[in-house]
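Q: The structure is given below, and queries will be raised subsequently.
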C-alpha cells in the first residue's frame with residue numbers, strides 16, 4: 001500500500017509531536033510514524049521538572065499529552081517503524097516494516113537518540129539479567145540491593161538518584177574526578193546518604209553466574225594507579241549518554257560529531273532540500289526536551305515554507 005503526503009514526520013518525541021502540531025495547524029495534513037519507541041526517551045523517564053509550565057510531570061504523561069495534542073490538531077499518527085528511506089529521488093520514499101510505502105514531498109527527521117553501551121563482552125552477556133540502561137524500567141527489580149551506575153553526566157546522576165528509591169546503596173563510578181551533570185543534580189547526589197561516588201575509575205568487567213544468569217559483582221580499575229578492585233552488586237546501570245538514531249540516513253545526509261545530522265546555521269534544513277532534522281538526531285549540545293520541541297516547531301515552519309515555494 002502506498003500513501004502520498006506533503007509532509008512525513010519520522011519519530012514521536014517532543015520534536016516529532018511539536019512538528020506535527022505546527023504542521024497540522026498549517027493544514028499540511030502530516031503523517032507521523034511513531035517508530036520503535038513511541039514517545040521516545042521521555043517514556044522511560046520518571047519525573048520531568050524542567051518542562052515549562054509543569055513543575056513536575058511524569059515523562060510518559062508528558063508524551064501522552066503531546067500525542068493527544070497532535071491528534072487533536074489533525075495529525076495522522078501511525079504506530080509503525082520506518083525501515084528504509086530513499087532521499088536520492090523526489091518525492092522521497094519511506095518504507096515501513098509492514099511493507100507500506102510513503103511518498104513524501106518533505107520529511108522531518110525526529111528519530112532521536114538511543115543509549116550508548118561500553119562494548120564489554122560481560123556487559124552484553126548480562127544485558128537484561130542485571131545490566132540495564134534504563135533505571136525507570138528496571139530499578140524495581142533491585143529492591144534493597146547494591147547497585148552500580150556508570151557515568152558522570154545528567155543521565156548518570158538522574159539514574160543514580162532514581163535508583164536510591166529502591167536500592168540499599170547506589171555506587172556511582174566515574175572515570176574523571178568531577179561530574180558533568182547540572183549543579184542542582186550534583187547537589188542532590190552528594191547530599192543523598194545512599195550514594196557513594198568512586199572517582200577516576202573505569203568498569204573493566206561485570207562478574208556473575210550462569211545458572212541462573214545474574215550479576216554478582218563488578219571489577220573496576222583506578223585510572224591513577226591502575227589498581228583493580230571488585231565491588232559486590234546485583235545491578236549495573238550503564239549511563240554514559242546517547243548516540244543519534246541515524247540508521248535511516250547514513251550515506252544520504254551529511255553528519256558530524258559521531259553521526260549527528262548536520263543542519264544549516266539557525267535552521268533545521270539538512271544537506272538535502274526538503275529534508276529537515278529536529279531534536280536529538282541533530283542536537284549533540286543541549287539534548288533537552290524543550291529544545292527538541294523548539295526545533296520541531298522550526299522544522300514544521302521551514303517545511304511549510306519549502307512546500308509553498
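Q: Sort through 67, 49 and tell me the only one that's farther than 27 Å from residue 273 by Cα and either touching a helix residue (DSSP H, G or I) at 6+ places or on another chain (Cβ under 6 Å) or surrounded by 19 or more Cβ atoms within 10 Å (Cβ to Cβ) (or both).
A: On the way: 49 fails: either touching a helix residue (DSSP H, G or I) at 6+ places or on another chain (Cβ under 6 Å) or surrounded by 19 or more Cβ atoms within 10 Å (Cβ to Cβ) (or both).
After ruling out the rest, the residue left standing is 67.
Q: Considering the range 247-259 alone, what residues qualify as being touching a helix residue (DSSP H, G or I) at 6+ places or on another chain (Cβ under 9 Å), closer than 21 Å to residue 32 by Cα and surrounded by fewer than 24 Cβ atoms within 10 Å (Cβ to Cβ)?
A: Correct list: empty.
Q: Could you tell me which numbered condition residue 28 fails, if it satisfies all but one of (1) outside any loop (DSSP other than H, G, I, E, B); (2) at pLDDT 95 or above; (3) buried (at least 16 other Cβ atoms within 10 Å of the Cβ); (4) touching a strand residue (DSSP E or B) at 6+ places or on another chain (Cβ under 8 Å)?
A: (1)
Q: With the checklist (1) under 22 Å from residue 285 (Cα atoms); (2) in contact with a strand residue (DSSP E or B) (Cβ under 8 Å, 6 or more places away or on another chain); (3) free of Cβ contacts under 8 Å to residues at least 12 places away in the same chain in hand, flag the one item residue 151 doesn't pass.
A: (3)
Q: Give the range 101-129 a look and list any residue that's touching a residue at least 12 places away in the same chain (Cβ under 8 Å), surrounded by fewer than 18 Cβ atoms within 10 Å (Cβ to Cβ) and out of contact with any strand residue (DSSP E or B) (no Cβ under 7 Å at 6 or more places or on another chain), or say none.
A: 125
Q: Same structure again: Quick test of your reading of the structure: residue 172 fulfils all but one of (1) out of contact with any helix residue (DSSP H, G or I) (no Cβ under 9 Å at 6 or more places or on another chain); (2) in contact (Cβ under 8 Å) with a residue 12 or more places away in the chain. Name the failing condition by number.
A: Of the numbered conditions (1) out of contact with any helix residue (DSSP H, G or I) (no Cβ under 9 Å at 6 or more places or on another chain); (2) in contact (Cβ under 8 Å) with a residue 12 or more places away in the chain, the odd one out for residue 172 is (1).
Q: For residues that are under 28 Å from the mean Cα position of the chain (by Cα) and either in contact (Cβ under 8 Å) with a residue 60 or more places away in the chain or surrounded by fewer than 17 Cβ atoms within 10 Å (Cβ to Cβ) (or both), tally how many sit in the range 218-234. Show your work before the answer.
A: Going residue by residue through the range 218-234, those that are under 28 Å from the mean Cα position of the chain (by Cα) are 218-220, 233-234.
Now drop any that are not either in contact (Cβ under 8 Å) with a residue 60 or more places away in the chain or surrounded by fewer than 17 Cβ atoms within 10 Å (Cβ to Cβ) (or both), which leaves 218-219, 233-234.
Final tally of qualifying residues: 4.
The values are calculated or read from the model by the stated rules, or taken from the named source; none is laboratory data. Remember, predicted model here, so these are calculated numbers, not experimental data. Every residue, glycine among them, receives a Cβ derived from its backbone with ideal geometry; neighbour counts consider all protein chains shown.
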